[in-house]
1. Which count do you get for residues in segment 262-277 that are at pLDDT below 85, under 17 Å from Gly249 (Cβ atoms) and of a type in the set (Val, Ile, Thr)?
2. Do we have Gln124 as of a type in the set (S, T, N, Q) and touching a Cys at 6+ places or on another chain (Cβ under 8 Å) here?
3. Is it the case, given these coordinates, that Ala211 is under 21 Å from the mean Cα position of the chain (by Cα) and touching a residue at least 40 places away in the same chain (Cβ under 8 Å)?
4. Tell me, which residue of segment 272-316 that is over 22 Å from Leu165 (Cβ atoms) and of a type in the set (S, T, N, Q) is surrounded by the most Cβ atoms within 10 Å (Cβ to Cβ)?
5. For segment 12-62, how many residues meet the condition of being basic (Lys, Arg) and in a helix (DSSP H, G or I)?
6. Give segment 98-136 a look and list any residue that's more than 22 Å from Tyr268 (Cα to Cα), assigned to a loop (DSSP other than H, G, I, E, B) and at pLDDT below 95, or say none.
7. What single numbered condition from (1) closer than 30 Å to Ile73 by Cβ; (2) surrounded by 16 or more Cβ atoms within 10 Å (Cβ to Cβ) fails to hold for Glu252?
8. Going by the conditions given, is Lys139 over 25 Å from Gly257 (Cα atoms), surrounded by fewer than 22 Cβ atoms within 10 Å (Cβ to Cβ) and either modelled with pLDDT of 95 or more or not hydrophobic (A, V, I, L, M, F, W, C) (or both)?
Amino acid sequence: MDFCSPWYIFAAAFGFDLLLGDPRRLPHPIRLMGNIIESFEPGFRNIPGPLILSGLLFAGSCIFLTFGLTWLIIQCAYIIHPLLKVLVEILLIYYCMAAGSLQKEALAVWKALQEKNLEKARVQVSYIVGREVKSLGEKGVSMAAVETVSENLVDGFMAPMFFALLGGAPMAMAYKMVNTLDSMIGYKNSAYHEFGKAAAKIDDIANYIPARLSVPVIALAALILNGRAKAAFKTAFNEGAFHSSPNAGYPEASFAGALCITLGGPNYYNGKIVDKPFIGKRFSPVNYNDIKKSCDLMLLSALFWVIGISAIAALF
């Protein structure tokens, strides 16, 4: 059985993502990952020794468990029938994608702002961002939506497919566990400063290459949509490293240049203000129509990424 996925699996999974989005009523591996993290965290915390080491052991165990279980599921499917193996791989890689659901959630924010319903827009954007939204105005809500679209293009779509290319559905699922660990225990607060440090660092390493590869892909999409490929490249090159995250700044800066808008700046998280630098300060402030433009840019970038990944898979 080949370990890496054939090209048509990526195209099929992308098609399902666009058509179905996130199937919330069905069992979802990502939710299962969250349950695993919550269930096993207390036991690993009680391991004698420094929390940073038990956190590393916890993160590594979760990642390898996810990889192993996914490989076992695919192996069993292959033994039953090779076609079943293909269908299972499509389903699992589809579950790792979030472009369709991200567009749906972001456009719900855009629609609420279009209807001048700021309170509804705050509620909608709270589903997809980690910052506090109760004091955000139209500009703040719009900026939050655009930023999460740009950042999640990488960790919600490009990175899972990158790892699927390297090692099929097992690697894609292992990446999603890395991403889930970071979102749940990678916080820099008193509870997770030591225990979650390894998870956060592993996530940084995993996203390093996909985040930087996103720049030319976003620039190509910008070239088609509005001819601003050069601005996307230039802003990413000059300002991508300004972000507090070692990776999120690159797609965010690319979007800022492509859409000619200013992103970033201070925001409240868990009752505390986090001072983030502005990206694209020379551009115009965000308005709610930029949410829809960011979704178009995200989807076209995702399409180009699928084409590229599928072409590489077909060659090798």
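1. So the count comes out to 1.
2. Details: of a type in the set (S, T, N, Q): yes; touching a Cys at 6+ places or on another chain (Cβ under 8 Å): no.
Considered against the rule, which asks whether it is of a type in the set (S, T, N, Q) and touching a Cys at 6+ places or on another chain (Cβ under 8 Å), Gln124 comes out as no.
3. Answer is yes for this residue.
4. Ranking the candidates gives Ser294 first.
5. Looking only at segment 12-62, we keep the residues that are basic (Lys, Arg), and these are 24-25, 31, 45.
So of that shortlist, the ones also in a helix (DSSP H, G or I) come out as 31, 45.
So the answer is 2.
6. Ala98 - this is the single residue of segment 98-136 that is more than 22 Å from Tyr268 (Cα to Cα), assigned to a loop (DSSP other than H, G, I, E, B) and at pLDDT below 95.
7. Checking Glu252 against (1) closer than 30 Å to Ile73 by Cβ; (2) surrounded by 16 or more Cβ atoms within 10 Å (Cβ to Cβ), the one that fails is (1).
8. no
The values are calculated or read from the model by the stated rules, or taken from the named source; none is laboratory data. All values derive from a computational prediction rather than experimental measurement. When we count neighbours, we look across all protein chains shown, and the Cβ atoms used for this are built from the backbone with ideal geometry, even at glycine.
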